[in-house]
Amino acid sequence: MKIIVHIDEATQWQEALSQALPQATVLTSEAPAEERQQADYLAIWKAPAHLLQEQTQLKGIINLGAGVDYLLKTPGLPSDVPIVKLRDAGMGELMADYALYGVLHFYRSMDRYREQQQNASWQPQAVVEKSQWSVGVLGLGAIGGFVASALQQAGFQVLGWSRSPKQISGVHCFHGDGGLTELLGQVQSLITILPDTEATKHILNAERLAQLPKGASVINPGRGSLIDEQALLDALGNAEQPGHLRGALLDVFQEEPLPTNSPLWQHPNVIVTPHMAAPTPLNDAIDQVISYLHAFESGEKLSTVNPDAGY
Ligand code: OXD
């Protein structure tokens, strides 16, 4: 079995896979072109198109991340090769940490203290009960569901939304267009963890952002395409004219890296992080990759990515 790995720190993945599968030939995408030919599997994250185009006998592709948007847009992606993606694999916990940080930032008024500090102003802000602070989570897949539960266990009132009905213990779940409007009207912090698909593009547009209560905050560790950035900037307002929303913590953007001239960098109520919310943790993910390889080899039925749905 020949496996080609492409991801940051690919040699660590190569070593871990070689150790677990001593009979396999595991190469990184840095290997000479002639050695990369005729691979059975690609285990990849944001791979260059040539890596896909040069293969002739692939049996499966393992996406070393949760989102498949980049892979599905890669020119030359074969349409007849099954794709699997990592499901949670340690990313849920990292994403939950990021979301909790964002919720606490606004819940404990860290944005206000940052502003007050600039004026040497000593002014404690009131703290409401956590159970009175409602948090919305859009997207209740493996990672979104984990995040919703983690926030609920941290004491917040959590409302979740997905396109089709879902049930998560302790989380008030909504679905469909009507459910989205209902949820948006009630949450003080909104977290977006949906995949990047045709159906989710600009799901937070000007109209939907206006449905959030005044003073709500937005935390986006999901995908940049979920939010209309100009609508978000308008809803955030500026120093002269404060907007409907209080602030945003953003990890993902319409264009990445975020262009240096984007007004989001300079906005006083926006925190920008460089798509770092949930990097794939090798130790947690490797077991899942190995079980996928065993399942492919033994012809076991796998839950594969549906390219039409985009996840
Ligand atoms: C992912 C990501 O999709 O880190 O896994 O963006």
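Regarding ALA47, is this residue small (Gly, Ala, Ser), over 21 Å from ALA309 (Cβ atoms), assigned to a helix (DSSP H, G or I) and at pLDDT 95 or above?
Numbers: small (Gly, Ala, Ser): yes; over 21 Å from ALA309 (Cβ atoms): yes; assigned to a helix (DSSP H, G or I): no; at pLDDT 95 or above: yes.
No, not satisfied.
For the condition part of a helix (DSSP H, G or I), within 16 Å of the ligand (Cβ to nearest atom) and of a type in the set (Phe, Trp, Tyr), what is the one hit in TYR98, TYR113?
The unique qualifying residue is TYR98.
Scanning the range 73-87 for residues that are under 15 Å from ASP308 (Cβ atoms) and surrounded by fewer than 19 Cβ atoms within 10 Å (Cβ to Cβ) yields LYS73, LEU77, SER79, ASP80, PRO82.
Contact annotation: residue pairs with Cβ atoms under 8 Å, 6 or more positions apart or on different chains, pairing a residue in the range 2-25 that is surrounded by 13 or more Cβ atoms within 10 Å (Cβ to Cβ) with a partner that is part of a helix (DSSP H, G or I) and charged (D, E, K, R), are ILE4/ARG36. Farther than 23 Å from ASN205 by Cα and among the hydrophobic types (A, V, I, L, M, F, W, C): is that true of ALA231 in this structure? Against the criterion (farther than 23 Å from ASN205 by Cα and among the hydrophobic types (A, V, I, L, M, F, W, C)), ALA231 does not qualify. Among helices (runs of 4 or more DSSP H) entirely within the range 192-309, having at least 2 residues that are under 30 Å from GLU15 (Cβ atoms) singles out 282-298. The set of residues in the range 276-302 being open to solvent by 70 Å² or more (accessible area, probe 1.4 Å) and either small (Gly, Ala, Ser) or within 15 Å of the ligand (Cβ to nearest atom) (or both) consists of MET276, PRO279, ASP284, SER298.
Residue pairs whose Cβ atoms lie under 8 Å apart, separated by 6 or more positions or on different chains, with the first residue in the range 93-105 and free of Cβ contacts under 8 Å to residues at least 40 places away in the same chain and the second not acidic (Asp, Glu), are LEU104/MET110.
Considering each residue of the range 146-174, count those that are open to solvent by 20 Å² or more (accessible area, probe 1.4 Å) and farther than 17 Å from LEU226 by Cβ, and give that number. It would help to see each step written out before you state the result.
Step one: filter the range 146-174 for residues open to solvent by 20 Å² or more (accessible area, probe 1.4 Å), giving 146, 149-150, 152-155, 157, 163-170, 172-173.
Cutting the leftovers down to farther than 17 Å from LEU226 by Cβ gives us 146, 149-150, 152-155, 157, 164-170, 172-173.
Final tally of qualifying residues: 17.
Taking the conditions exactly as written (more than 16 Å from the ligand (Cβ to nearest atom), within 19 Å of THR304 (Cβ to Cβ) and of a type in the set (Lys, Arg)), does LYS59 satisfy them or not?
Values: more than 16 Å from the ligand (Cβ to nearest atom): yes; within 19 Å of THR304 (Cβ to Cβ): yes; of a type in the set (Lys, Arg): yes.
Judged against the criteria, LYS59 is a match.
Residue-by-condition table, conditions (1) more than 18 Å from PRO195 (Cβ to Cβ); (2) free of Cβ contacts under 8 Å to residues at least 40 places away in the same chain:
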| residue | (1), (2) |
| --- | --- |
| THR260 | yes, yes |
| ILE290 | yes, no |
| GLY299 | yes, yes |
| PRO307 | no, no |
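If you check THR74 against the conditions, is it without any contact (Cβ under 8 Å) to a residue 40 or more places away in the chain and more than 16 Å from the ligand (Cβ to nearest atom)? Taking the combined requirement at face value, the residue does not satisfy it. Against the condition among the aliphatic types (A, V, I, L, M), more than 16 Å from the ligand (Cβ to nearest atom), free of Cβ contacts under 8 Å to residues at least 12 places away in the same chain and open to solvent by less than 30 Å² (accessible area, probe 1.4 Å), how does ALA248 come out, does it pass? It is false that ALA248 is among the aliphatic types (A, V, I, L, M), more than 16 Å from the ligand (Cβ to nearest atom), free of Cβ contacts under 8 Å to residues at least 12 places away in the same chain and open to solvent by less than 30 Å² (accessible area, probe 1.4 Å).
Conditions (1) touching a strand residue (DSSP E or B) at 6+ places or on another chain (Cβ under 9 Å); (2) not aliphatic (A, V, I, L, M), marked per residue:
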residue: ALA66; (1), (2): yes, no
residue: PRO75; (1), (2): no, yes
residue: LEU100; (1), (2): no, no
residue: SER134; (1), (2): yes, yes
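May I ask you to list the residues in the range 259-275 that are within 23 Å of VAL147 (Cβ to Cβ) and open to solvent by less than 80 Å² (accessible area, probe 1.4 Å)?
Let us first name the residues in the range 259-275 that are within 23 Å of VAL147 (Cβ to Cβ), namely 264, 269-275.
Passing the criteria: LEU264, ASN269, VAL270, ILE271, VAL272, THR273, HIS275.
Of the numbered criteria (1) under 30 Å from ARG108 (Cβ atoms); (2) touching a Leu at 6+ places or on another chain (Cβ under 7 Å); (3) within 15 Å of the ligand (Cβ to nearest atom); (4) touching a residue at least 60 places away in the same chain (Cβ under 8 Å), the one SER217 fails is (3).
Only a single item in (1) within 14 Å of the chain's Cα centre (by Cα); (2) within 16 Å of the ligand (Cβ to nearest atom); (3) on the phi < 0 side of the Ramachandran plot; (4) modelled with pLDDT of 95 or more is not met by ARG87, and it is number (4). Residue check: is ALA33 free of Cβ contacts under 8 Å to residues at least 24 places away in the same chain, among the hydrophobic types (A, V, I, L, M, F, W, C) and open to solvent by 30 Å² or more (accessible area, probe 1.4 Å)? Criteria met by ALA33.
The values are calculated or read from the model by the stated rules, or taken from the named source; none is laboratory data. No experiment lies behind these values; they were computed from the predicted model shown. Every residue, glycine as well, gets a Cβ built from its backbone with ideal geometry; the counts of neighbours run over all protein chains shown. Accessible surface areas use protein heavy atoms only, side chains included; no ligands, DNA or RNA. Shrake-Rupley method; radii C 1.70, N 1.55, O 1.52, S 1.80 Å.
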